[in-house]
Amino acid sequence: MENGRAHTLTVLFILTCALGYVTLLEETPQDTAYNTKRGIVASILVFLCFGVTQAKDGPFSRPHPAYWRFWLCVSVVYELFLIFILFQTVQDGRQFMKYIDPHLGVPLPERDYGGNCLIYDPGNETDPFHNIWDKLDGFVPAHFFGWYLKTLMIRDWWMCMIISVMFEFLEYSLEHQLPNFSECWWDHWIMDVILCNGLGIYCGMKTLSWLSLKTYKWQGLWNIPTYKGKMKRIVFQFTPYSWVKFEWKPASSLRRWLAVCGIIFVFLLAELNTFYLKFVLWMPPEHYLVLLRLVFFVNVGGVAMREIYDFMDDPKFYKKLGQQAWLVAAITATEFLIVVKYDPYTLTLSLPFYITQCWILGIILVLTWTAWRFFIRDITLRYKEIRRQQQEHKYEKDKCLSNGDGLSSILDEQNGNKLRERKL
(Lines give C-alpha, C1' and ligand atoms only; values in the text may rest on other atoms or scores of the structure.)
Protein backbone atom coordinates (compact mmCIF):
# COMPACT_ATOMS: atom_id res chain seq x y z
CA MET A 1 0.00 0.00 0.00
CA GLU A 2 2.83 2.37 0.77
CA ASN A 3 4.42 1.76 -2.65
CA GLY A 4 1.13 2.46 -4.39
CA ARG A 5 0.69 5.68 -2.40
CA ALA A 6 4.27 6.70 -3.22
CA HIS A 7 3.75 6.10 -6.94
CA THR A 8 0.57 8.18 -7.04
CA LEU A 9 2.29 11.05 -5.25
CA THR A 10 5.32 10.81 -7.55
CA VAL A 11 3.15 10.97 -10.68
CA LEU A 12 1.19 13.90 -9.24
CA PHE A 13 4.42 15.76 -8.41
CA ILE A 14 5.94 15.21 -11.87
CA LEU A 15 2.68 16.23 -13.57
CA THR A 16 2.42 19.41 -11.51
CA CYS A 17 6.04 20.34 -12.25
CA ALA A 18 5.51 19.83 -15.99
CA LEU A 19 2.38 21.99 -16.02
CA GLY A 20 4.13 24.63 -13.92
CA TYR A 21 7.05 24.73 -16.36
CA VAL A 22 4.70 25.25 -19.31
CA THR A 23 2.80 27.95 -17.45
CA LEU A 24 5.65 29.93 -15.88
CA LEU A 25 8.76 29.39 -17.98
CA GLU A 26 7.54 28.70 -21.51
CA GLU A 27 6.23 31.39 -23.79
CA THR A 28 2.96 30.46 -25.45
CA PRO A 29 3.28 30.43 -29.28
CA GLN A 30 0.94 32.66 -31.28
CA ASP A 31 -0.29 29.70 -33.35
CA THR A 32 -3.90 28.77 -32.64
CA ALA A 33 -3.78 25.40 -34.43
CA TYR A 34 -0.55 24.40 -32.67
CA ASN A 35 -1.87 25.45 -29.26
CA THR A 36 -5.10 23.54 -29.85
CA LYS A 37 -3.23 20.35 -30.73
CA ARG A 38 -0.89 20.68 -27.79
CA GLY A 39 -3.75 21.42 -25.41
CA ILE A 40 -5.65 18.33 -26.54
CA VAL A 41 -2.54 16.13 -26.22
CA ALA A 42 -1.80 17.55 -22.75
CA SER A 43 -5.39 16.90 -21.64
CA ILE A 44 -5.15 13.29 -22.84
CA LEU A 45 -1.82 12.80 -21.05
CA VAL A 46 -3.23 14.16 -17.78
CA PHE A 47 -6.20 11.81 -18.07
CA LEU A 48 -3.88 8.86 -18.76
CA CYS A 49 -1.76 9.74 -15.72
CA PHE A 50 -4.88 9.85 -13.56
CA GLY A 51 -6.16 6.55 -14.94
CA VAL A 52 -2.86 4.69 -14.61
CA THR A 53 -2.62 5.62 -10.94
CA GLN A 54 -6.28 5.60 -9.89
CA ALA A 55 -8.34 3.33 -12.16
CA LYS A 56 -9.60 -0.04 -10.94
CA ASP A 57 -7.40 -3.05 -11.67
CA GLY A 58 -8.54 -5.63 -14.20
CA PRO A 59 -8.09 -9.42 -14.22
CA PHE A 60 -4.46 -9.26 -15.45
CA SER A 61 -1.51 -8.30 -13.26
CA ARG A 62 1.49 -9.04 -15.51
CA PRO A 63 3.74 -7.42 -16.54
CA HIS A 64 2.22 -4.77 -14.22
CA PRO A 65 -1.36 -3.72 -13.36
CA ALA A 66 -0.53 -0.16 -14.43
CA TYR A 67 0.07 -1.42 -17.98
CA TRP A 68 -3.51 -2.69 -18.26
CA ARG A 69 -4.89 0.42 -16.57
CA PHE A 70 -3.12 2.46 -19.23
CA TRP A 71 -4.88 0.57 -22.04
CA LEU A 72 -8.20 0.92 -20.25
CA CYS A 73 -7.75 4.70 -20.28
CA VAL A 74 -6.65 4.59 -23.92
CA SER A 75 -9.94 2.79 -24.62
CA VAL A 76 -11.86 5.69 -23.06
CA VAL A 77 -9.89 8.24 -25.11
CA TYR A 78 -10.42 6.28 -28.33
CA GLU A 79 -14.15 5.93 -27.69
CA LEU A 80 -14.44 9.68 -27.09
CA PHE A 81 -12.53 10.35 -30.30
CA LEU A 82 -14.90 8.07 -32.23
CA ILE A 83 -17.93 9.82 -30.77
CA PHE A 84 -16.46 13.18 -31.80
CA ILE A 85 -15.96 11.90 -35.38
CA LEU A 86 -19.49 10.46 -35.36
CA PHE A 87 -21.00 13.89 -34.64
CA GLN A 88 -19.22 15.61 -37.54
CA THR A 89 -20.39 15.92 -41.10
CA VAL A 90 -18.81 13.48 -43.54
CA GLN A 91 -16.65 16.16 -45.15
CA ASP A 92 -15.58 17.72 -41.83
CA GLY A 93 -14.78 14.33 -40.35
CA ARG A 94 -12.53 13.37 -43.24
CA GLN A 95 -10.80 16.73 -43.26
CA PHE A 96 -10.34 16.58 -39.49
CA MET A 97 -8.00 13.64 -40.05
CA LYS A 98 -5.58 16.15 -41.62
CA TYR A 99 -4.94 17.56 -38.15
CA ILE A 100 -3.52 14.15 -37.25
CA ASP A 101 -1.67 13.63 -40.54
CA PRO A 102 -1.63 16.27 -43.32
CA HIS A 103 -1.46 13.50 -45.93
CA LEU A 104 -4.92 12.23 -44.97
CA GLY A 105 -8.24 13.60 -46.16
CA VAL A 106 -7.56 12.58 -49.78
CA PRO A 107 -9.52 9.81 -51.57
CA LEU A 108 -7.35 6.74 -52.09
CA PRO A 109 -8.02 3.89 -54.50
CA GLU A 110 -8.39 0.43 -53.00
CA ARG A 111 -6.02 -2.26 -54.24
CA ASP A 112 -7.70 -5.15 -56.06
CA TYR A 113 -6.38 -8.52 -54.95
CA GLY A 114 -8.32 -10.43 -57.59
CA GLY A 115 -7.55 -10.28 -61.27
CA ASN A 116 -5.44 -13.09 -62.69
CA CYS A 117 -5.94 -16.06 -60.35
CA LEU A 118 -3.79 -18.62 -62.15
CA ILE A 119 -1.37 -20.29 -59.75
CA TYR A 120 0.83 -21.23 -62.69
CA ASP A 121 0.74 -18.67 -65.53
CA PRO A 122 2.17 -20.26 -68.69
CA GLY A 123 1.91 -16.93 -70.51
CA ASN A 124 4.65 -15.47 -68.30
CA GLU A 125 7.79 -17.34 -69.27
CA THR A 126 10.03 -15.28 -66.96
CA ASP A 127 8.17 -16.19 -63.76
CA PRO A 128 5.08 -18.40 -64.14
CA PHE A 129 4.39 -18.17 -60.38
CA HIS A 130 4.33 -14.38 -60.32
CA ASN A 131 0.72 -14.32 -59.05
CA ILE A 132 1.78 -16.06 -55.84
CA TRP A 133 4.75 -13.74 -55.28
CA ASP A 134 2.53 -10.70 -55.86
CA LYS A 135 0.25 -11.78 -53.00
CA LEU A 136 3.14 -12.23 -50.56
CA ASP A 137 3.07 -8.72 -49.09
CA GLY A 138 3.18 -7.39 -45.57
CA PHE A 139 -0.30 -8.69 -44.83
CA VAL A 140 0.92 -12.32 -44.80
CA PRO A 141 2.91 -12.03 -41.52
CA ALA A 142 0.18 -9.72 -40.21
CA HIS A 143 -2.37 -12.50 -40.74
CA PHE A 144 -0.15 -15.03 -38.98
CA PHE A 145 0.71 -12.91 -35.93
CA GLY A 146 -2.84 -11.59 -35.76
CA TRP A 147 -4.34 -15.05 -35.49
CA TYR A 148 -1.62 -16.20 -33.13
CA LEU A 149 -2.60 -13.42 -30.73
CA LYS A 150 -6.34 -13.96 -31.28
CA THR A 151 -5.87 -17.60 -30.30
CA LEU A 152 -4.22 -16.49 -27.08
CA MET A 153 -7.27 -14.30 -26.42
CA ILE A 154 -10.01 -16.83 -27.26
CA ARG A 155 -8.17 -19.99 -26.07
CA ASP A 156 -10.36 -22.31 -28.12
CA TRP A 157 -9.47 -23.97 -31.42
CA TRP A 158 -13.04 -24.38 -32.67
CA MET A 159 -14.03 -20.77 -32.08
CA CYS A 160 -10.88 -19.50 -33.81
CA MET A 161 -11.47 -21.68 -36.87
CA ILE A 162 -15.13 -20.67 -37.08
CA ILE A 163 -14.23 -16.97 -36.97
CA SER A 164 -11.45 -17.48 -39.55
CA VAL A 165 -13.71 -19.34 -42.02
CA MET A 166 -16.65 -17.02 -41.42
CA PHE A 167 -14.56 -13.97 -42.24
CA GLU A 168 -13.56 -15.50 -45.58
CA PHE A 169 -17.26 -16.02 -46.33
CA LEU A 170 -17.85 -12.38 -45.42
CA GLU A 171 -15.13 -11.33 -47.86
CA TYR A 172 -16.82 -13.37 -50.57
CA SER A 173 -20.17 -11.77 -49.70
CA LEU A 174 -18.96 -8.15 -49.55
CA GLU A 175 -16.45 -8.00 -52.39
CA HIS A 176 -19.00 -6.01 -54.40
CA GLN A 177 -18.76 -3.27 -51.73
CA LEU A 178 -15.01 -3.18 -51.02
CA PRO A 179 -12.69 -3.97 -53.93
CA ASN A 180 -9.88 -5.31 -51.74
CA PHE A 181 -12.18 -8.12 -50.57
CA SER A 182 -11.91 -9.50 -54.10
CA GLU A 183 -9.25 -12.20 -53.80
CA CYS A 184 -8.41 -15.39 -55.63
CA TRP A 185 -9.88 -18.62 -54.31
CA TRP A 186 -6.46 -19.95 -53.35
CA ASP A 187 -5.72 -16.64 -51.59
CA HIS A 188 -8.84 -17.12 -49.49
CA TRP A 189 -8.56 -20.76 -48.55
CA ILE A 190 -4.91 -21.77 -48.99
CA MET A 191 -2.92 -18.67 -48.08
CA ASP A 192 -5.34 -17.21 -45.54
CA VAL A 193 -7.30 -20.03 -43.86
CA ILE A 194 -4.79 -22.90 -44.09
CA LEU A 195 -1.35 -21.26 -44.10
CA CYS A 196 -1.51 -17.87 -42.36
CA ASN A 197 -4.56 -18.24 -40.10
CA GLY A 198 -4.23 -21.98 -39.60
CA LEU A 199 -0.54 -21.82 -38.75
CA GLY A 200 -1.12 -18.90 -36.40
CA ILE A 201 -3.92 -20.78 -34.62
CA TYR A 202 -1.74 -23.91 -34.37
CA CYS A 203 1.17 -21.99 -32.83
CA GLY A 204 -1.25 -20.21 -30.52
CA MET A 205 -2.71 -23.50 -29.28
CA LYS A 206 0.80 -24.87 -28.68
CA THR A 207 1.60 -21.77 -26.63
CA LEU A 208 -1.63 -22.20 -24.66
CA SER A 209 -0.71 -25.83 -23.99
CA TRP A 210 2.68 -24.76 -22.66
CA LEU A 211 1.13 -22.05 -20.47
CA SER A 212 -1.40 -24.52 -19.04
CA LEU A 213 1.36 -26.99 -18.08
CA LYS A 214 3.70 -24.35 -16.65
CA THR A 215 4.18 -24.21 -12.88
CA TYR A 216 3.12 -20.81 -11.51
CA LYS A 217 5.25 -20.37 -8.43
CA TRP A 218 6.75 -16.92 -8.15
CA GLN A 219 9.78 -15.76 -6.21
CA GLY A 220 11.01 -12.23 -5.61
CA LEU A 221 13.76 -11.04 -7.95
CA TRP A 222 16.16 -10.19 -5.12
CA ASN A 223 15.60 -13.59 -3.51
CA ILE A 224 17.05 -15.41 -6.54
CA PRO A 225 20.78 -15.97 -6.01
CA THR A 226 22.03 -16.58 -9.59
CA TYR A 227 22.27 -14.10 -12.46
CA LYS A 228 20.70 -16.61 -14.86
CA GLY A 229 17.78 -17.09 -12.50
CA LYS A 230 17.24 -13.33 -12.26
CA MET A 231 17.17 -13.01 -16.07
CA LYS A 232 14.73 -15.91 -16.33
CA ARG A 233 12.52 -14.27 -13.70
CA ILE A 234 12.53 -10.98 -15.65
CA VAL A 235 11.45 -12.79 -18.83
CA PHE A 236 8.71 -14.69 -17.00
CA GLN A 237 7.38 -11.37 -15.70
CA PHE A 238 5.73 -11.06 -19.14
CA THR A 239 3.87 -14.37 -18.73
CA PRO A 240 0.57 -14.73 -16.81
CA TYR A 241 0.60 -14.73 -13.02
CA SER A 242 -1.74 -17.74 -13.07
CA TRP A 243 -3.60 -19.65 -15.74
CA VAL A 244 -7.32 -20.08 -16.40
CA LYS A 245 -8.39 -22.54 -19.08
CA PHE A 246 -11.36 -21.29 -21.09
CA GLU A 247 -14.14 -23.86 -21.46
CA TRP A 248 -16.82 -22.08 -23.44
CA LYS A 249 -19.25 -25.07 -23.70
CA PRO A 250 -21.65 -23.32 -26.10
CA ALA A 251 -24.06 -26.26 -26.25
CA SER A 252 -24.45 -26.57 -22.48
CA SER A 253 -27.14 -23.89 -22.15
CA LEU A 254 -29.01 -21.34 -24.23
CA ARG A 255 -27.32 -18.49 -22.33
CA ARG A 256 -23.83 -19.71 -23.16
CA TRP A 257 -24.82 -20.45 -26.76
CA LEU A 258 -26.10 -16.90 -27.27
CA ALA A 259 -23.02 -15.48 -25.53
CA VAL A 260 -20.63 -17.41 -27.80
CA CYS A 261 -22.60 -16.35 -30.88
CA GLY A 262 -22.39 -12.76 -29.65
CA ILE A 263 -18.62 -13.02 -29.18
CA ILE A 264 -18.19 -14.37 -32.71
CA PHE A 265 -20.42 -11.61 -34.08
CA VAL A 266 -18.46 -8.84 -32.32
CA PHE A 267 -15.15 -10.35 -33.48
CA LEU A 268 -16.32 -10.41 -37.11
CA LEU A 269 -17.74 -6.89 -36.87
CA ALA A 270 -14.45 -5.58 -35.45
CA GLU A 271 -12.59 -7.28 -38.32
CA LEU A 272 -14.90 -5.69 -40.89
CA ASN A 273 -14.56 -2.29 -39.22
CA THR A 274 -10.83 -2.41 -39.94
CA PHE A 275 -11.49 -2.37 -43.69
CA TYR A 276 -14.58 -0.16 -43.76
CA LEU A 277 -13.11 2.53 -41.48
CA LYS A 278 -10.05 3.10 -43.63
CA PHE A 279 -12.35 3.06 -46.65
CA VAL A 280 -14.73 5.77 -45.37
CA LEU A 281 -12.03 7.88 -43.65
CA TRP A 282 -9.64 7.66 -46.63
CA MET A 283 -6.74 6.04 -44.83
CA PRO A 284 -4.27 3.90 -46.81
CA PRO A 285 -3.85 0.31 -45.51
CA GLU A 286 -0.21 0.90 -44.57
CA HIS A 287 -0.92 4.07 -42.54
CA TYR A 288 0.34 4.05 -38.95
CA LEU A 289 -3.15 4.79 -37.58
CA VAL A 290 -4.39 1.47 -38.98
CA LEU A 291 -1.47 -0.31 -37.30
CA LEU A 292 -2.05 1.53 -34.01
CA ARG A 293 -5.69 0.44 -34.00
CA LEU A 294 -4.63 -3.20 -34.40
CA VAL A 295 -2.07 -2.84 -31.59
CA PHE A 296 -4.80 -1.31 -29.45
CA PHE A 297 -7.19 -4.23 -30.00
CA VAL A 298 -4.42 -6.74 -29.32
CA ASN A 299 -3.88 -5.23 -25.87
CA VAL A 300 -7.51 -4.71 -24.87
CA GLY A 301 -8.92 -7.85 -26.50
CA GLY A 302 -7.31 -10.30 -24.10
CA VAL A 303 -8.60 -8.46 -21.03
CA ALA A 304 -12.08 -8.17 -22.56
CA MET A 305 -12.23 -11.90 -23.33
CA ARG A 306 -11.19 -12.80 -19.79
CA GLU A 307 -13.85 -10.50 -18.34
CA ILE A 308 -16.51 -11.96 -20.64
CA TYR A 309 -15.52 -15.51 -19.69
CA ASP A 310 -15.63 -14.70 -15.97
CA PHE A 311 -19.04 -13.07 -16.41
CA MET A 312 -20.35 -16.16 -18.25
CA ASP A 313 -18.70 -18.77 -16.05
CA ASP A 314 -19.62 -17.37 -12.64
CA PRO A 315 -22.49 -14.86 -12.95
CA LYS A 316 -23.24 -15.03 -9.20
CA PHE A 317 -19.78 -13.66 -8.34
CA TYR A 318 -19.32 -11.42 -11.40
CA LYS A 319 -22.64 -9.59 -11.36
CA LYS A 320 -21.79 -7.14 -14.16
CA LEU A 321 -19.74 -7.11 -17.34
CA GLY A 322 -16.12 -6.00 -16.92
CA GLN A 323 -15.12 -2.43 -17.72
CA GLN A 324 -12.75 -3.33 -20.58
CA ALA A 325 -15.28 -5.68 -22.20
CA TRP A 326 -17.92 -2.95 -21.97
CA LEU A 327 -15.61 -0.45 -23.68
CA VAL A 328 -14.59 -2.88 -26.44
CA ALA A 329 -18.24 -3.53 -27.25
CA ALA A 330 -18.98 0.21 -27.25
CA ILE A 331 -15.98 0.95 -29.48
CA THR A 332 -16.96 -1.74 -31.99
CA ALA A 333 -20.52 -0.43 -32.16
CA THR A 334 -19.37 3.21 -32.53
CA GLU A 335 -16.96 2.30 -35.33
CA PHE A 336 -19.79 0.59 -37.19
CA LEU A 337 -22.05 3.62 -36.72
CA ILE A 338 -19.34 5.84 -38.22
CA VAL A 339 -19.20 3.56 -41.26
CA VAL A 340 -22.99 3.66 -41.58
CA LYS A 341 -23.08 7.46 -41.40
CA TYR A 342 -20.09 8.20 -43.62
CA ASP A 343 -20.92 5.87 -46.50
CA PRO A 344 -24.48 4.48 -46.36
CA TYR A 345 -24.48 4.00 -50.13
CA THR A 346 -21.73 1.37 -50.04
CA LEU A 347 -23.35 -0.50 -47.15
CA THR A 348 -26.73 -0.59 -48.85
CA LEU A 349 -25.44 -2.12 -52.08
CA SER A 350 -27.60 -5.22 -52.42
CA LEU A 351 -26.00 -8.61 -52.11
CA PRO A 352 -25.95 -10.88 -55.15
CA PHE A 353 -28.93 -13.23 -55.21
CA TYR A 354 -26.94 -16.43 -54.67
CA ILE A 355 -25.07 -14.83 -51.75
CA THR A 356 -28.39 -13.86 -50.17
CA GLN A 357 -29.67 -17.40 -50.59
CA CYS A 358 -26.58 -18.84 -48.92
CA TRP A 359 -26.86 -16.52 -45.90
CA ILE A 360 -30.60 -17.18 -45.54
CA LEU A 361 -29.92 -20.94 -45.63
CA GLY A 362 -27.15 -20.59 -43.05
CA ILE A 363 -29.32 -18.50 -40.71
CA ILE A 364 -32.19 -20.98 -41.03
CA LEU A 365 -29.85 -23.89 -40.19
CA VAL A 366 -28.49 -22.08 -37.12
CA LEU A 367 -31.98 -21.14 -35.90
CA THR A 368 -33.23 -24.68 -36.53
CA TRP A 369 -30.36 -26.20 -34.57
CA THR A 370 -30.90 -23.69 -31.75
CA ALA A 371 -34.62 -24.52 -31.56
CA TRP A 372 -33.93 -28.26 -31.63
CA ARG A 373 -31.08 -28.21 -29.11
CA PHE A 374 -32.52 -25.90 -26.49
CA PHE A 375 -36.30 -26.24 -26.94
CA ILE A 376 -37.51 -29.29 -28.88
CA ARG A 377 -34.84 -31.62 -27.52
CA ASP A 378 -35.36 -30.41 -23.95
CA ILE A 379 -39.12 -30.78 -24.25
CA THR A 380 -38.70 -34.29 -25.66
CA LEU A 381 -36.29 -35.30 -22.92
CA ARG A 382 -38.55 -33.79 -20.27
CA TYR A 383 -41.56 -35.68 -21.70
CA LYS A 384 -39.60 -38.96 -21.71
CA GLU A 385 -38.49 -38.35 -18.13
CA ILE A 386 -42.08 -37.70 -17.03
CA ARG A 387 -43.24 -40.88 -18.78
CA ARG A 388 -40.47 -42.85 -17.14
CA GLN A 389 -41.35 -41.49 -13.71
CA GLN A 390 -45.03 -42.26 -14.27
CA GLN A 391 -44.22 -45.83 -15.29
CA GLU A 392 -41.99 -46.28 -12.27
CA HIS A 393 -44.72 -44.88 -10.02
CA LYS A 394 -47.29 -47.19 -11.56
CA TYR A 395 -44.98 -50.16 -11.13
CA GLU A 396 -44.38 -49.31 -7.48
CA LYS A 397 -48.10 -48.85 -6.95
CA ASP A 398 -48.92 -52.23 -8.51
CA LYS A 399 -46.22 -53.85 -6.43
CA CYS A 400 -47.59 -52.31 -3.27
CA LEU A 401 -51.10 -53.43 -4.16
CA SER A 402 -49.92 -56.95 -4.81
CA ASN A 403 -48.07 -56.96 -1.52
CA GLY A 404 -51.17 -55.65 0.19
CA ASP A 405 -53.39 -58.50 -1.23
CA GLY A 406 -50.93 -61.13 -0.07
CA LEU A 407 -50.90 -59.67 3.41
CA SER A 408 -54.69 -59.61 3.63
CA SER A 409 -54.93 -63.31 2.66
CA ILE A 410 -52.41 -64.21 5.36
CA LEU A 411 -54.40 -62.24 7.96
CA ASP A 412 -57.65 -63.96 6.91
CA GLU A 413 -56.00 -67.35 7.31
CA GLN A 414 -54.72 -66.42 10.79
CA ASN A 415 -58.17 -65.17 11.89
CA GLY A 416 -59.74 -68.41 10.62
CA ASN A 417 -57.32 -70.47 12.64
CA LYS A 418 -58.11 -68.48 15.77
CA LEU A 419 -61.89 -69.00 15.27
CA ARG A 420 -61.38 -72.70 14.87
CA GLU A 421 -59.29 -72.79 18.03
CA ARG A 422 -62.08 -71.01 19.98
CA LYS A 423 -64.69 -73.49 18.73
CA LEU A 424 -62.58 -76.42 19.86
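Quick one: ranking TYR21, TYR216 by accessible area, 1.4 Å probe, largest first, what do you get? Let's see the in-between values first.
Values: TYR21 120, TYR216 55 Å².
If we order TYR21, TYR216 from most to least accessible, we get TYR21, TYR216.
Given R₀ = 45 Å, FRET efficiency for VAL140-GLN91 by Cβ-Cβ distance, to 0.05?
Values: r = 36 Å, r/R0 = 0.80.
The computed FRET efficiency comes out at 0.80.
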Mean separation of Cα pairs under 8 Å and 6+ residues apart, divided by the residue count of the chain: what relative contact order is that in percent? 19
If you take the charge dipole of region 2-353 about its Cα centre, with +1 on Lys and Arg Cβ and -1 on Asp and Glu Cβ, which of PHE81, TRP282, ILE119 is farthest toward its positive end? PHE81
Could you work out, for the chain, what percent of all Cα-Cα pairs fall into each 20 Å distance bin, beginning at 0 Å and stopping at the bin that holds the largest distance? 18, 43, 24, 8, 5, 2, 0
GNM on the chain, C-alpha springs below 10 Å: top fluctuator among CYS73, CYS160, CYS17? CYS17
Rounded to one decimal in nm, the spacing of the 7 Å Cα→Cβ label points at GLN54 and VAL244 is 2.7
Ranked by how many other beta carbons lie within 10 Å on average, peptides 153-159, 58-64 from highest: 153-159, 58-64
Please find, in a Gaussian network model of the chain (springs between Cα atoms separated by less than 10 Å), the residue of TYR342, TYR99, TYR78 whose mean-square fluctuation is greatest. TYR99
In degrees between 0 and 90, to the nearest 10, how far off the longest principal axis of the chain does helix 198-213 point, with axes built from Cα atoms? 60
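Of the accessible area of region 2-353, with the probe set at 1.4 angstrom, what percent is carbon plus sulfur?
Working: 14310 of 20580 Å².
Of the solvent-accessible surface of region 2-353, carbon and sulfur hold 70 percent.
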Unit charges at the beta carbon, dipole of region 2-353: most positive-side option, PRO250, LEU174, PRO29: PRO250
Probe 1.4 Å, accessible area per residue of region 2-353, Å²: 58
The chain - charge dipole about Cα centre, Lys and Arg +1 at Cβ, Asp and Glu -1, debye rounded to 20: 2680
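What's the Kirkwood radius of region 1-103 in Å, using all Cα pairs? All intermediate terms of the calculation are to be shown ahead of the outcome.
On the way: mean 1/r = 0.0618 Å⁻¹.
When all Cα pairs of region 1-103 are included, the Kirkwood radius is 16.2 Å.
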Extension reserve of the THR36-HIS7 stretch, reckoned as 0.36 nm per residue once the Cα distance is removed: 7.4 nm
Tell me the angle of helix 32-54 to the major Cα principal axis of the chain, expressed in degrees between 0 and 90 and rounded to the nearest ten. 30
Just to verify a number: FRET efficiency for MET231 and TRP210, C-beta to C-beta distance, R0 = 25 Å, to 0.05? 0.85
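Any of LYS320/LYS384; LYS150/LYS319; LYS217/LYS249; LYS56/LYS232; LYS228/LYS320 with alpha carbons more than 32 Å apart? Name them for me. Intermediate values should be presented prior to the final figure.
On the way: LYS320/LYS384 37 Å; LYS150/LYS319 26 Å; LYS217/LYS249 29 Å; LYS56/LYS232 30 Å; LYS228/LYS320 44 Å.
Over 32 Å Cα-Cα: LYS320/LYS384; LYS228/LYS320.
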Per GNM of the chain with C-alpha springs under 10 angstrom, the most fluctuating residue out of PHE70, PHE87, PHE167 is PHE87
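The values are calculated or read from the model by the stated rules, or taken from the named source; none is laboratory data. Quick caveat: nothing in here was measured; it's all calculated off a predicted structure. Glycine gets a Cβ as well: all are built from the backbone with ideal geometry, and neighbour counts include every protein chain shown. Heads up: the accessible areas ignore ligands, DNA and RNA and are worked out on the full protein's heavy atoms, side chains in. Shrake-Rupley method; radii C 1.70, N 1.55, O 1.52, S 1.80 Å.
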